[in-house]
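The values are calculated or read from the model by the stated rules, or taken from the named source; none is laboratory data. What you are looking at is a predicted structure, and each value in this text was computed from that prediction instead of being measured. For neighbour counting, all protein chains shown are included, and Cβ atoms are generated from backbone atoms with ideal geometry for every residue, glycine included. These area figures cover heavy atoms from the full protein model, side chains too; ligands, DNA and RNA do not enter into them. Shrake-Rupley method; radii C 1.70, N 1.55, O 1.52, S 1.80 Å.
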Amino acid sequence: MHEWALAEAVVKSAIDMAQKKNLSQIKLLFLRVGEVQQIDMEVFNYAIKELSKGTILENSEIKYEIFPAKLVCNNCGNIWSYMESFQGLTDEEKEAIHFIPETIHVYMKCPKCKSADFEIKEGRGVFIEDIK
Amino acid sequence: MHEWALAEAVVKSAIDMAQKKNLSQIKLLFLRVGEVQQIDMEVFNYAIKELSKGTILENSEIKYEIFPAKLVCNNCGNIWSYMESFQGLTDEEKEAIHFIPETIHVYMKCPKCKSADFEIKEGRGVFIEDIK
Amino acid sequence: MTHDPRLSIIDKRLESVKNIIAIGSGKGGVGKSTFSSLLSLFLNKKGYKIGLLDLDIYGPSNHVILNAEDKYPEEEYGLKPVNVNGIDFMSIIYFTQNKPLIMRGKELTDTILEIFAITRWRDLDYLIIDMPPGMGEVLLDLIRFIKNLQFLIITNPTKIALETVEKLINFLKEGNYLILGLVENMKIKDGNFVKEKCQELNIKYLGHISF
Amino acid sequence: MTHDPRLSIIDKRLESVKNIIAIGSGKGGVGKSTFSSLLSLFLNKKGYKIGLLDLDIYGPSNHVILNAEDKYPEEEYGLKPVNVNGIDFMSIIYFTQNKPLIMRGKELTDTILEIFAITRWRDLDYLIIDMPPGMGEVLLDLIRFIKNLQFLIITNPTKIALETVEKLINFLKEGNYLILGLVENMKIKDGNFVKEKCQELNIKYLGHISF
Ligand SMILES: Nc1ncnc2c1ncn2[C@@H]1O[C@H](COP(=O)(O)OP(=O)(O)O)[C@@H](O)[C@H]1O
Ligand SMILES: Nc1ncnc2c1ncn2[C@@H]1O[C@H](COP(=O)(O)OP(=O)(O)O)[C@@H](O)[C@H]1O
Ligand SMILES: [Mg+2]
Ligand SMILES: [Mg+2]
Ligand SMILES: [Mg+2]
Ligand SMILES: [Mg+2]
Ligand code: NI
Ligand code: NI
Ligand SMILES: [Zn+2]
Ligand SMILES: [Zn+2]
């Protein structure tokens, strides 16, 4: 349900951006959604639609690109996919990362060298890629 | 004179890199030198030559690319050139930055918003770009 | 033209907060967290609506001082802060199971942005922000992202602490950030040198707390 | 294939240093700097050759404790640490005129790398490294770049401090880093709970220092 908070941020941002671009109506909203937060896309999409009602974002097409997450170890250089480590997490751990992705450093280690000092190189957060 | 310390790092790195590449002799060493540290290129070049004697780096061609420094303000987004602010520094301040470039945050501000929270986007340090 | 939507929502999340006060020092161990918790309790007793946000990501402490370890923020169109003795409280501790959380600076920025983007503060008279020591991302990002931020500085009466506290004060003054004043904590013997330092730095001496 | 040559020279710069001991805590204000300085003086008196490196970039303190403010490192094929009462001392303070130095984490990494790359330590029995609070770049980069690093942990005997100190210890233990033991600083009243915590965490209790 905190997907609503993220949706609200997206809707507000999109409208702000449209105003800067002098758009009177948003035809397309293009979002990049990283897999780290495991966002519930159904809730998220529904929330965006609901919050768009009565705004210049209403009725616009929304395109989502789900971005696989790439983790890079600062210690040994190893690169691995989020999903590789995701399986081993408990529900509680998944939920913590769902809210604050950086808590990943509490619950995951580099599979090669066991370091917690790695970077979420790709696949973190929600970004607006484009509006039209 | 601390250019010798930097030269020593370059020589050691170049030789290490050559060994990894299985080169028996280095023909070309290509260095990128940022302008932030205001390295004395004459001393630096002399030091590299001296320290290379008797190594696989001896007699190699050394190419330098001096990189102008670009500063980007994290606060207002302003981008400016290092040289713009460099003129206003005292000798003591220049020397501090010469040794530890990050002390630039003590002595320079964004010319537009006066924030010290800016990034040395380009032109920091010495890098080996290539060896052949 | 990739845009991070969190940047657009922070103002909205804080729009019902009348005052935002960051408890800072630059120096560690001078009582920032103890003071943040006690100030929150005190103002709450006085009838003000108080929020307390622990932004010491590596070493959160307020949950210990307030004994708020067994609660959890509720999910409700975002996250609702935990209610502790009438104070609305948020801390990274609710996501770490009290285990070590290391991270680099860029990720501190992301953590702070995320917390501000998803935490739903209700109407507050004061949001107290407990800061970590240092002058890195947490300080720089608070300044960057939070409007109308006011600073309250804490020190202890030692030369070692003031050496660092003075740096924070000078940094804030140079940037024209609002400093409410300085609190001298852990005072043991009589002496005026912190008060005099305040005069020298032209900031308000707010009083002392005994050791 | 851009390469940072500093990474290749650090080992060489430290090759004549027999022991490298990082004084850490995670928590601020527990006496890391005071202890680092006093340990350095003590070991030096015992006849050991000692280097002391202050890596608390935002809040360096050892120059105050050692009264080493009026010296300056000499340039000699790099930088020669300052000699303070026989100790070889290096600190960011020599480059900041004691003014505020803010920076973000990535730049902390660069600062530390630069200091290690250009500082020429002579033969040393011990290099003592005074660490800042927190578990960010300074900790992570020391671990990453410095071989044979040993940690000595300091805490004060309060629940608040231990809450954070425990996190550092657990992090180091998980990574199999060498912990020499823990020093209990600022002890006021009798009590064994820090000692007991050491047993629980399976690390050596090295002793206490009174407040
Ligand atoms: N006025 C005081 N008298 C005695 N001890 C104090 C006082 N204020 C704080 N402390 C203690 O000092 C230590 C550091 O306090 P803390 O609030 O954690 O500081 P910070 O948040 O600045 O690191 C804690 O152990 C705390 O209990
Ligand atoms: N054993 C002690 N008794 C009394 N005060 C101490 C003791 N050790 C340190 N202090 C004081 O505590 C404060 C914090 O010490 P400091 O060495 O700066 O800690 P840190 O480096 O961990 O932040 C300083 O004001 C210092 O003088
Ligand atoms: Mg604290
Ligand atoms: Mg001084
Ligand atoms: Mg210290
Ligand atoms: Mg606990
Ligand atoms: Ni959710
Ligand atoms: Ni030089
Ligand atoms: Zn690894
Ligand atoms: Zn600016």
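Data table
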| item | result |
| --- | --- |
| Kirkwood hydrodynamic radius over Cα pairs of segment D:138-211, then Stokes diffusion coefficient at 10 °C and 1.306 mPa s, in µm²/s | 124 µm²/s |
| Rounded FRET efficiency, nearest 0.05, which uses the C-beta distance separating B:Glu61 from D:Arg122 and R0 of 41 Å | 0.70 |
| Peptide D:104-113, shielding by other chains (average Cβ, 10 Å cutoff) | 6 |
| With DNA, RNA and ligands ignored, accessible area of B:Phe127 (1.4 Å probe; Å², nearest 10) | 50 Å² |
| For chain D: relative contact order, % (alpha-carbon pairs under 8 angstrom, 6 or more apart) | 29 percent |
| 222 nm mean residue ellipticity, helices alone, for chain D (DSSP H n ≥ 4; -39,500 (n - 2.57); rounded to 500) | -10500 deg cm²/dmol |
| Peptide D:152-160 - average C-beta neighbours from other chains (10 Å radius) | 2 |
| Square roots of five times the Cα gyration tensor eigenvalues for segment A:3-132, Å | 33, 15, 10 |
| Which of C:Leu53, D:Leu43, C:Leu178 is most accessible, then next, and so on - probe 1.4 Å | C:Leu178, D:Leu43, C:Leu53 |
| Shortest-first nm distances, A:Glu50 label point to equivalent points in other copies (7 Å, Cα→Cβ) | 7.3 |
| Under 15 Å, Cβ to Cβ, from D:Lys197 - net charge with Lys/Arg +1 and Asp/Glu -1 | +2 |
| For residues of C:118-124, the mean tally of beta carbons on other chains within 10 Å | 2 |
| Cα centre as origin, Lys/Arg/Asp/Glu Cβ charges: the protein assembly as shown dipole, Debye | 740 debye |
| Computed E for C:Lys71/A:Lys132 - FRET, C-beta separation, R0 56 angstrom, nearest 0.05 | 0.80 |
| Charge dipole of chain C about the Cα centre (unit charges at C-beta), most positive-ward option of C:Ser37, C:Ile153, C:Tyr126 | C:Ile153 |
| Calculated label separations, C:Glu15, copies of the chain, 7 Å along the beta-carbon direction, nm | 6.5 |
| Convex hull volume of chain C per residue (C-alpha atoms, cubic angstrom) | 131 Å³ |
| Kyte-Doolittle mean at least -0.5 and Cα axial length at least 18 Å: DSSP H helices in chain D | D:32-45, D:105-118, D:159-174 |
| Reference-scaled alpha-carbon Rg (2.2 N^0.38 Å with N residues) for the protein assembly as shown | 0.98 |
| Two-decimal log10 I(q)/I(0) for segment A:70-121, as the Debye equation yields it once each C-alpha is a single scatterer, q = 0.17, 0.22, 0.32 Å⁻¹ | -0.44, -0.74, -1.37 |
| Neighbour cut-off at most 16 other Cβ (10 Å), DSSP loop, trypsin sites (Lys or Arg not before Pro), segment C:175-205 | C:Lys189, C:Lys204 |
| Rounded to the nearest 10 Å², the accessible area of C:Glu74 at probe 1.4 Å | 110 Å² |
| Most mobile listed residue (D:Arg104, D:Arg13, D:Arg120) in chain D, GNM with C-alpha springs under 10 Å | D:Arg104 |
| Span-like helix ranges in chain B, DSSP H, alpha carbon extent 24 angstrom or more, Kyte mean at least -1.0 | B:3-20 |
| Inter-copy separations for C:Asn148, label at 7 Å along Cα-Cβ, nm, ascending | 5.9 |
| Relative contact order, percent, segment B:70-121 [alpha-carbon distance under 8 Å, six or more residues apart] | 49 percent |
| Fraction of beta bridges assigned by DSSP in the protein assembly as shown that are antiparallel (%, nearest 5) | 30 percent |
| Estimated Rh, segment A:1-67: Kirkwood, alpha-carbon pairs, angstrom | 12.1 Å |
